[in-house]
Amino acid sequence: MAKQDRTTYICSSCHHEEPKWLGRCPACGAWNTFQEASASRLPSAQHIKQISSIPLTGITTVDKPRFSSGIEEVDRVLGGGIVPGMSVLIGGEPGIGKSTLLMSVASKSETKGTVLYVSGEESPQQIKMRADRLGVHRDKIELLCTNDLTHVLTALEKLHPVILIVDSIQTLIAPEAGTIPGTANQIKYCALELAEWGRNHDTASFLVAHVTKDGMIAGPKAAEHIVDVVLMFEQNDTDARFLRSSKNRFGSVDEVGLFLMGETGLEEISDSSGFFLGGKRDKNPIGVAVAATWEGSRCLMVEIQALIVPGKSGFSRVYSERIDASRVSRIAAILEKHTGIVFSDQDIYVNVAGGIRLTEPGIDLSLAMALYSARANVDIPVSVAFAGELSLAGEIRAVRRMKQRSKTAQAMGFTRLLGPADINQTSQPGDEESWCMVPDVRTCIKQTFS
């Protein structure tokens, strides 16, 4: 008689194993983390003994050429295209366009192989309606509507697709990881199984992840460690969409993909350099400054807006979503110390035109000038842009790619870019016609309004 599989329980936090369910894990102390699993899925002692280490010098590598997703902005964020065998976790709010983006990738990717689209949330008819709306007519797209991981793995063995799309990972159920979909154990188990299969068979896997009300990827953070790339799809109050990478084993995490949601799906923003400007004006409003910020491999001209009003509660408060509020407070303190202008009794409101979130150090100077303009009630000339990092001593520190920032600013009609000296000290004053080098924030204010 065949021996019946023994049931065991595994802690989803530390993977400690017990023969029976416990309320608290004796190894890590976590409560209610034990999940039922079959002992046949665990490696045997004999199998463990057969595993041996491999010398690093004895490993041969194979260069796997990338292929394009067919969408330039997606290729940019991925680091140059899709790598065979890579696994990508993409998160975003409901309705932001994750399914639309991946359907476009399935349709436009430069591969002659099969694309397997797995959906646990929609029927084949719903997916076909979206494909028709997007103008998808590719032949080698296979649909599989199921919640069972076993069915997905069976289809993978049969089709051996070049691209696997799972929408979404929270809907998959693996019997070995329990009976409820979306749990921490389920997501980790399913993501690991699909990622491992993809690496072994050169299948690029795109796993859609839901997000919580705080905008973070739902489920365990451990799923982010399992995959190779983690992308977040963000949106502003308009139709603009931003695709960012928080982890990328095959490229930089500084890139951002820019899209517009239209009637026929997502469209790439062609004029990304000037998209975030407020339009041409004869005179800037009070509190508006333009930053030449560097995002990944390109320069974006972004309008930063500031509003200063008397504090209603006797002390200063900062309201800023697109730029970190602590950063705004730091820049205001630098201005108060080195220019004598007072912010301690004022409420500060900061916004970024176009809704893009800014984290690059090079926006410090333009943020400072927007705050100064709003507090001093003077407008900044429309021909001036800024780039540079501010130190606590009021000095303007060097930032990368100043020559490229200067050229982009000049192409967008700005006659002067105020910023620091060249970080590589390869340029001298006068080398760039529109690049005005200033050492500190006080000099920058004098140069701006002279």
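None of the figures in this text is laboratory data; all of them are computed from the coordinates on show. Treat the numbers as computed from the prediction; the structure is a model and nothing was measured. Neighbour counts run over all protein chains shown; Cβ positions are idealised from the backbone, glycine included.
Among the trypsin sites (Lys or Arg not before Pro) in the range 271-363, those located in a DSSP loop and surrounded by at most 10 other Cβ atoms within 10 Å of their own Cβ are Lys280, Lys283, Lys312. This structure gives semi-axes √(5λ) of the Cα gyration tensor in Å, computed directly, and of [x] 44, 27, 22; [y] 49, 26, 22; [z] 39, 22, 20 that value is listed as [y]. Rounded to the nearest 20, the size of the Cβ-charge dipole of the range 73-150 about its Cα centre is 220 debye, with Lys and Arg at +1 and Asp and Glu at -1. Put a dot 7 Å past the Cα of Ser246, heading toward its Cβ, do the same for Glu142, and the two dots end up 3.3 nm apart.
The stretch between Val62 and Ala398, if pulled fully straight at 0.36 nm per residue, gains 117.0 nm over its current Cα-Cα span. Summing Cβ point charges (Lys, Arg +1; Asp, Glu -1) relative to the Cα centre of the chain gives a dipole of roughly 540 debye. For the range 108-166, applying the loop criterion from DSSP together with a ceiling of 16 other beta carbons within 10 Å to the trypsin sites (Lys or Arg not before Pro) yields Lys112, Arg138, Lys140. Taking the DSSP bridge list for the range 72-268 and keeping only pairs wholly inside it, about 40 percent are antiparallel. Think of it as helices only: each DSSP H run of n ≥ 4 in the chain is worth -39500 (n - 2.57), and spread over all residues that comes to -7500 deg cm²/dmol at 222 nm. Across Leu390, Leu89, Leu153, mean-square fluctuation computed from a Gaussian network of the chain (C-alpha pairs under 10 Å connected) peaks at Leu153. Taking 0.36 nm per residue of separation and subtracting the Cα-Cα distance, full extension of the segment from Glu17 to Arg357 would add 118.0 nm. In this structure, the residue pairs whose Cα-Cα separation is over 19 Å, taken from Lys283/Lys407; Lys112/Lys188; Lys98/Lys128; Lys108/Lys140, are Lys283/Lys407; Lys112/Lys188.
Mean sequence separation of contacting Cα pairs (under 8 Å, at least six apart), scaled by the length of the chain, corresponds to a relative contact order of 11 percent. Between Val253 and Ser326, the distance separating the two model label sites (each 7 Å from Cα on the Cα→Cβ line) works out to 1.7 nm.
In this label model, Thr7 and Lys312 are separated by 5.8 nm, measuring between points 7 Å along each Cα→Cβ vector. Across Pro381, Pro124, Pro65, mean-square fluctuation computed from a Gaussian network of the chain (C-alpha pairs under 10 Å connected) peaks at Pro65. Of all DSSP-defined beta bridges confined to the chain, some 55% are antiparallel rather than parallel.
With a sphere of radius 13 Å drawn around the Cβ of Glu255, what net charge do the other residues whose Cβ falls strictly inside it have (Lys, Arg +1; Asp, Glu -1)? With Lys, Arg at +1 and Asp, Glu at -1, the net is -2.
If you place +1 on the Cβ of every Lys and Arg, -1 on the Cβ of every Asp and Glu, and leave all else neutral, what size is the dipole of the range 116-236 about its Cα centre, to the nearest 20 Debye?
200
For the range 247-262, putting each phi into the Karplus relation 6.51 cos²θ - 1.76 cosθ + 1.60 with θ = phi - 60° gives couplings of 7, 7, 7, 10, x, 7, 9, 8, 6, 9, x, 10, 9, 10, 8, x Hz, in residue order, rounded to whole numbers and with x for Gly and Pro. Within the chain, the longest run free of chymotrypsin sites (Phe, Trp or Tyr not before Pro) that sit in a DSSP loop with at most 12 other Cβ atoms within 10 Å is 22-314.
For the range 72-268, the C-alpha radius of gyration sits at 0.94 times the compact-globule guess of 2.2 N^0.38 Å, with N the residue count.
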